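A.B. asks: Here it is, the structure, as structure tokens.
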Amino acid sequence: MKGDRVEIVVDAGDTTRTYEVAATRAGRRVETAVRRGVVEVSEVTRGGTPVRTARFMASRVLALVEHPVPRGDPSGTPLDS
């Protein structure tokens, strides 16, 4: 959903680097997958076509933080009010 984002913190030797992948348009979502020692984070359309993909070696990833957009209940009111 638009606004969802994932932060990836990677060990870059003597420092860390932070990358972010976000769902930038309505109908897109962010998917994460870990396969064969590789962490893959993709922004995907409704139809499942990847728009942007970031790949990192799993041994270098320190943190993978998902930030979902707060969703309201079906009546349309925000959850925090």
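A.B. asks: Please work out which one of (1) acidic (Asp, Glu); (2) open to solvent by 40 Å² or more (accessible area, probe 1.4 Å); (3) under 16 Å from PRO68 (Cβ atoms) is the condition GLU43 fails and give its number.
C.D. replies: Checking GLU43 against (1) acidic (Asp, Glu); (2) open to solvent by 40 Å² or more (accessible area, probe 1.4 Å); (3) under 16 Å from PRO68 (Cβ atoms), the one that fails is (2).
A.B. asks: When the stretch 1-14 is examined, which residues are found to be open to solvent by 70 Å² or more (accessible area, probe 1.4 Å) and free of Cβ contacts under 8 Å to residues at least 24 places away in the same chain?
C.D. replies: Narrowing the stretch 1-14 to residues open to solvent by 70 Å² or more (accessible area, probe 1.4 Å): 1-2, 5, 14.
Hit for the stretch 1-14 is ASP14, nothing else.
A.B. asks: Something else about it: When you scan the stretch 46-58, how many residues do you find that are more than 21 Å from VAL69 (Cα to Cα), in contact with a strand residue (DSSP E or B) (Cβ under 6 Å, 6 or more places away or on another chain) and without any contact (Cβ under 8 Å) to a residue 40 or more places away in the chain?
C.D. replies: Of the residues in that region, 2 qualify.
A.B. asks: For the stretch 17-33, enumerate the residues that are of a type in the set (Val, Ile, Thr) and modelled with pLDDT under 95. First the steps, then the outcome.
C.D. replies: Initially, the stretch 17-33 is screened for residues of a type in the set (Val, Ile, Thr), giving 18, 21, 24, 30, 32.
Selection gives VAL21, THR24, VAL30, THR32.
A.B. asks: While we're here: Go through the stretch 49-61 and give me each residue that's open to solvent by less than 40 Å² (accessible area, probe 1.4 Å) and either touching a helix residue (DSSP H, G or I) at 6+ places or on another chain (Cβ under 9 Å) or over 24 Å from GLY13 (Cβ atoms) (or both).
C.D. replies: Result: no residue meets the conditions.
A.B. asks: Look at ARG29 and say whether it is in contact (Cβ under 8 Å) with a residue 24 or more places away in the chain, in contact with an Asp or Glu (Cβ under 7 Å, 6 or more places away or on another chain) and open to solvent by 40 Å² or more (accessible area, probe 1.4 Å). Can you show your working first?
C.D. replies: Details: in contact (Cβ under 8 Å) with a residue 24 or more places away in the chain: yes; in contact with an Asp or Glu (Cβ under 7 Å, 6 or more places away or on another chain): yes; open to solvent by 40 Å² or more (accessible area, probe 1.4 Å): yes.
In short, yes.
The values are calculated or read from the model by the stated rules, or taken from the named source; none is laboratory data. Since we're looking at a predicted model, the values are computed, not measured. Cβ atoms come from the backbone with ideal geometry, glycine included; neighbour counts cover every protein chain shown. In case anyone asks, the SASA skips ligands and DNA or RNA and just uses the protein heavy atoms, side chains included. Shrake-Rupley method; radii C 1.70, N 1.55, O 1.52, S 1.80 Å.
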